[in-house]
Amino acid sequence: MGARELITAVCADFTEFAPRRTGTRPVDGPLDWDGYGEQRRRAAERTGAAESVLCGHGSVGSGRAVLVAFEFGFLGGSVGEETGARMVDAFDRARELRLPVVSLVASGGSRMQEGIRALAQLQTIARACARTRRAGLPHVAVLRDPTTGGMWAALGAGADVVLAVPGAEVAFGGSRVRPAEESGEAFTAAGKFAAGQVDRLVAEDELPAVLPGLVDLLQPRRAVPEPVAPPVPPRPGPAPGSGWAAVRSARAAERPRATDYLDRFFTSRFALSGDRAGGADPGMLCGIGEHEGRPVAYAAQTGTANTPAGFRTAARLVRLADRLRLPVLTLVDTPGAANGAAAELAGAGPAIGELFTAVAEARVPITTLVIGEGGSGGALALAAPGSTWITADAYFAVIAPESAASILKRPPEQVPELAESLRLRPQDVVDLGFARGVLGEPPR
């Protein structure tokens, strides 16, 4: 789709901004590039656009948003001084109007015919994005075909939510400038999704159905929200009678899992995927959903040993919620953090530390429910101090009883005894002051 066609599909009443500032535009540009003025004239005639971006605002879902849409037919969606000026103006207006920004990107990068003056627009655009981020306004980027060079790095990659069109080329180095032998999935939308750099793959014809709900969830808010109550467990049951019974109950295959809680808690939800640093962990479910008519951010463990990418993704989610003034729900369920050589090389310690810091610095309320295993620091990083509850089929431990036996050089048959010594029952976790209550236990 061209820029106008795509805008019409996703926005009901788009109004284009009249440029308030313009870049320097002599006929053949700052380099006096022979024929550049004529190239621009033909591009405008062919596309009906005055520049490679259309900027304006309109209704997307029940809210409004500022849109920045690239017209690839205009010199390959390249960015020059005039392009940069229009984009900066669009982000400025988003702050004035207190609206989210949706960037529909299709660009080959900086405009060669304007040289370093074009390249410098990446810094200008990055500053405009940063100012908008500091103002607490969300930015959604849609990576279309192609998204390469500076607009991937300065605009798309730094957005709060990144969608990409399947089959799109997404890479810093475009196909004409990278080594001829370099090709494959690494340079595609699918490759970026697998590497944790894209939240979701969405076909262009699906954008009219996907963007409205997402923009509704991301509408800016000024006030610090009220906390959410912890979810009601799907299957009530009595608290276990011993520490080892608590461990066995938490490890039972049939107990409710994170998706059971999320499906019951949210009427709809939008998943966020990846740590933006090369990794994604399916064992850490993150996103924003609607609960009782308001948006709530969530991070939920699924019972696996989380990788550094999972902890970084959760930290990213908490920081985003804090900036957008969204309450957070976390669900704890992990035997512990992944601790093999791959996890250590990928930065397990710094990643867990990053999540501890994000939770500690959050100004919005975080509510935690322990729904299964609470294994040491890998579980604690996701828990809200002073606002943690636990279910009757869960436990929380400084270390798993089997590991405690190994450290203390005890035989395996003493593991149940150590579980009792560690006081792992959910009611023990309450008595010890860590959790506020046991949920899902039938009234006595």
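Computed from the coordinates by the stated procedures, all read-outs in this text should not be read as laboratory data. Every value quoted in this text rests on a predicted model; they were computed, and no experiment measured them. Virtual Cβ from ideal backbone geometry, glycine too; neighbours counted across all protein chains shown.
Points worth noting:
- Expected 222 nm ellipticity per residue - DSSP helices of 4 or more, -39500 (n - 2.57), all of the chain, to 500: -10000 deg cm²/dmol
- Nearest-0.05 FRET efficiency for ILE116 and ARG248, computed from C-beta distance (R0 56 Å): 0.25
- Label-to-label distance, nm, for residues given as GLU420 and ALA223 (7 Å Cα→Cβ offset): 5.2
- Max-minus-min Cα coordinates of the stretch 345-404 on each principal axis give 32, 32, 14 Å, with the largest extent listed first.
- Pairwise inverse Cα distances across the chain, averaged and inverted, put the Kirkwood hydrodynamic radius at 23.6 Å.
- Full-stretch length increase - LEU345, ALA9 - with 0.36 nm per residue and alpha-carbon distance subtracted: 116.5 nm
- Computed 3J(HN,Hα) for the stretch 274-285, one whole-Hz value per residue from the Karplus formula 6.51 cos²θ - 1.76 cosθ + 1.60 where θ = phi - 60°, is x, 9, 6, 10, x, x, 9, 10, x, x, 10, 8, glycine and proline marked x.
- Antiparallel bridges, percent of DSSP beta bridges restricted to the chain (to nearest 5): 40
- The stretch 402-417 and the stretch 1-74 have Cα centres spaced 67 Å apart.
- FRET efficiency, LYS409 to GLU361 (Cβ-Cβ, R0 41 Å, nearest 0.05): 0.55
- What the phi angles of the stretch 54-59 give under the Karplus curve with 6.51, -1.76 and 1.60, with θ = phi - 60°, is a coupling list of 10, 10, x, 9, x, 7 Hz, glycine and proline written as x.
- For the stretch 228-261, the set of trypsin sites (Lys or Arg not before Pro) satisfying both a DSSP loop assignment and a count of at most 15 other C-beta atoms within 10 Å is given as ARG251.
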